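Written out below as structure tokens is the structure these notes cover.
The values are calculated or read from the model by the stated rules, or taken from the named source; none is laboratory data. Because the structure is a prediction, the values reported are computed rather than measured. As a convention, Cβ positions derive from the backbone with ideal geometry for all residues, glycine included, and neighbour counts pool all protein chains shown. Just so you know, the surface numbers come from the protein's heavy atoms only, side chains and all, with ligands and any DNA or RNA stripped out. Shrake-Rupley method; radii C 1.70, N 1.55, O 1.52, S 1.80 Å.
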There are 2 protein chains.
Amino acid sequence: MVGVAVLHHPDTQEIELVDVLAALGHPVRLDIAQALASGEERFCGEIMPDVPKSSMTHHWRALRESGVIRQRRAGRKLYLTLRRDDLETRFPGLLDIILNRTAQDRGE
Amino acid sequence: MVGVAVLHHPDTQEIELVDVLAALGHPVRLDIAQALASGEERFCGEIMPDVPKSSMTHHWRALRESGVIRQRRAGRKLYLTLRRDDLETRFPGLLDIILNRTAQDRGE
């Protein structure tokens, strides 16, 4: 189908530490992970509405291909969740440290 | 002095999580951190001798400016240490998780 690319997600055991660090090593992507920290699914357009859509597409892909988030298409919308359990399975404790620190830095 | 640039290191409290993640989010730099994991100071040329010197200069800088390593010049040589205590102060537990996982992935 034209314009409907398959959304590739690595399996849990394929998630590599270096890729997760690279994905989260960018302020916008760290903000996205933080916005999804509660575990609830959110619509792409709800998160970071002030960042141009073209840059967001790049960030969604970096987060999805590294295994940090899951993207689900429903009609013309994309929904996102953080792969919390998968990341915890692969790197126990890592995501909590990163998200807690990010929350602290913002005084949340 | 020509050719002797000052080596800037951020203070402990200036070390930012996103910069540390970006610095370690590269396979060569993750290898360097792992090679320094024991805490001992090592000479630049000892680590990753097979990677061209010009790329290594870029990696040393990324690690130093993010606060992951300390570089000390002695004559014409540069010595490196991992800023383990400083990173532990800023992000308790983070570095251990990353280094233990990297060691496991290599079957060490």
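Listed values, structure above:
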| read-out | value |
| --- | --- |
| Flag if A:ILE15 is more than 10 Å from chain B (Cβ to nearest Cβ) and either of a type in the set (S, T, N, Q) or more than 30 Å from B:ASP96 (Cβ to Cβ) (or both) | no |
| Some residue of region B:1-12 being outside any loop (DSSP other than H, G, I, E, B), of a type outside the set (Ser, Thr, Tyr) and open to solvent by 40 Å² or more (accessible area, probe 1.4 Å) | no |
| Breaking point among (1) in contact (Cβ under 8 Å) with a residue 40 or more places away in the chain; (2) in a loop (DSSP other than H, G, I, E, B); (3) within 16 Å of A:ARG101 (Cα to Cα), for B:PRO92 | (1) |
| Filter pass, A:ALA23 being closer than 25 Å to B:THR102 by Cβ, in contact with a helix residue (DSSP H, G or I) (Cβ under 8 Å, 6 or more places away or on another chain), without any contact (Cβ under 8 Å) to a residue 60 or more places away in the chain and open to solvent by less than 80 Å² (accessible area, probe 1.4 Å) | yes |
| Selected residue (only one of B:GLY39, B:GLY45 is assigned to a helix (DSSP H, G or I) and of a type in the set (Gly, Ala, Ser)) | B:GLY45 |
| Tally of residues being among the charged types (D, E, K, R) and open to solvent by 70 Å² or more (accessible area, probe 1.4 Å) across region A:29-41 | 2 |
| Residue within region B:69-85 that is part of a helix (DSSP H, G or I) and either farther than 30 Å from A:LEU30 by Cα or modelled with pLDDT of 95 or more (or both) present | yes |
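Residue by residue, here is whether (1) more than 30 Å from B:ASP96 (Cα to Cα); (2) away from chain B (no Cβ under 14 Å); (3) touching a Pro at 6+ places or on another chain (Cβ under 7 Å); (4) open to solvent by 40 Å² or more (accessible area, probe 1.4 Å) holds:
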{"residue": "A:THR57", "(1), (2), (3), (4)": "yes, yes, no, yes"}
{"residue": "A:ARG64", "(1), (2), (3), (4)": "no, yes, no, no"}
{"residue": "A:LEU80", "(1), (2), (3), (4)": "no, yes, no, no"}
{"residue": "A:ASP96", "(1), (2), (3), (4)": "no, no, no, yes"}
{"residue": "A:LEU99", "(1), (2), (3), (4)": "no, no, no, no"}
{"residue": "A:ALA103", "(1), (2), (3), (4)": "no, no, no, no"}
{"residue": "A:ARG106", "(1), (2), (3), (4)": "no, no, no, yes"}
